[in-house]
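J.: The following block contains the structure, expressed as structure tokens.
Taken together, the values in this text are just the output of simple stated rules run on the coordinates, not laboratory data. Remember, it's a predicted structure, so these values are computed and weren't measured experimentally. Note: ideal-geometry Cβ built from the backbone for every residue, glycine included; neighbour counts use all protein chains shown.
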Amino acid sequence: GQQLNQSPQSMFIQEGEDVSMNCTSSSIFNTWLWYKQDPGEGPVLLIALYKAGELTSNGRLTAQFGITRKDSFLNISASIPSDVGIYFCAGLLSAGANSKLTFGKGITLSVRP
Amino acid sequence: DAGVTQSPTHLIKTRGQHVTLRCSPISGHKSVSWYQQVLGQGPQFIFQYYEKEERGRGNFPDRFSARQFPNYSSELNVNALLLGDSALYLCASSPILRGLTTGYTFGSGTRLTVV
């Protein structure tokens, strides 16, 4: 099935550094979502973006919905050890109650203390 | 409030067997979706149910089926299991506001291993 493009597959940063992740698609979406998944758990929603060009923050996290509606980025500032995990972007093209999330392959983030 | 609950948490089945996975949505959420997550990949959409009706189906064979009950809980059934069906099966519930799906909350998943 279709997946969004996330790269690189893994990122290694030092505690305290900022990190940015991009997500691109060949299709447009009406909503972009960023999730974090820890081992053995389901994805947890970090930020949701509903309008093209929207910039939204949630604590140390900032995400933007690209104006073409085909991309989004997530920025984590001043990283801490608990930021370790897999970060997924997901696009939603909702048509009323019919909707599905299309996910990227995820980026595994490691934070060195 | 309880989140999305899934059972069982882990399951081992033999090729050719049948499996039923269960999901209880967040109270008040009427839409339930199922996703398959193979190791190293993002979740892939299987089904969406709303008001007990199938509203969407992903690219999965007919061996996969699901249903939603009057209390909005849901079951995912997989027949004639193959080794490739080994995955984490995730359930997500969402409210429907003014006819639109808004927000998805995932459960912790059921880890299915087919041997």
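J.: With θ set to phi - 60° and the Karplus curve 6.51 cos²θ - 1.76 cosθ + 1.60, what are the ³J(HN,Hα) couplings of segment A:41-48 in order, to the nearest whole Hz, using x for Gly and Pro?
T.: Running phi through 6.51 cos²θ - 1.76 cosθ + 1.60 with θ = phi - 60° gives 10, x, x, 10, 5, 9, 8, 10 Hz.
J.: Which links in A:LYS70/A:LYS100; B:LYS13/B:LYS52; A:LYS36/B:LYS52; A:LYS105/B:LYS30; A:LYS36/A:LYS100 stretch past 24 Å when you go from one Cα to the other?
T.: B:LYS13/B:LYS52; A:LYS36/B:LYS52; A:LYS105/B:LYS30
J.: Once you average over the residues of B:104-112, how many Cβ atoms of partner chains fall within 10 Å of each Cβ? Don't skip to the end; give the middle numbers.
T.: Working: counts 11, 4, 8, 3, 4, 5, 0, 1, 0.
For peptide B:104-112, the averaged partner shielding equals 4.
J.: Can you tally the net charge around B:ASP85? Count Lys and Arg as +1, Asp and Glu as -1, for every other residue whose Cβ sits under 13 Å from the Cβ of B:ASP85.
T.: +4
J.: Here is a follow-up. Where does segment A:49-97 land on the Kirkwood hydrodynamic radius, alpha-carbon pairs, in angstrom? Write out the running numbers ahead of the final one.
T.: Numbers: mean 1/r = 0.0810 Å⁻¹.
Its Kirkwood hydrodynamic radius stands at 12.3 Å.
J.: Rounded to the nearest 20 Debye, what is the dipole magnitude of segment B:1-113 about its Cα centre when Lys and Arg each give +1 and Asp and Glu each give -1 at the C-beta? Write out the running numbers ahead of the final one.
T.: Working: 11 positive and 7 negative charges, 20 e Å.
Charge dipole, segment B:1-113, about its Cα centre: 100 debye, nearest 20.
J.: Separate question: Take the alpha carbon atoms of the protein assembly as shown, find their radius of gyration, then divide it by 2.2 N^0.38 Å using N residues; give the quotient.
T.: 1.01
J.: Hey, another quick one. Shielding by partners for A:32-42, please: the mean number of other protein chain Cβ atoms within 10 Å of each residue's Cβ.
T.: So the per-residue partner count for this stretch is 4.
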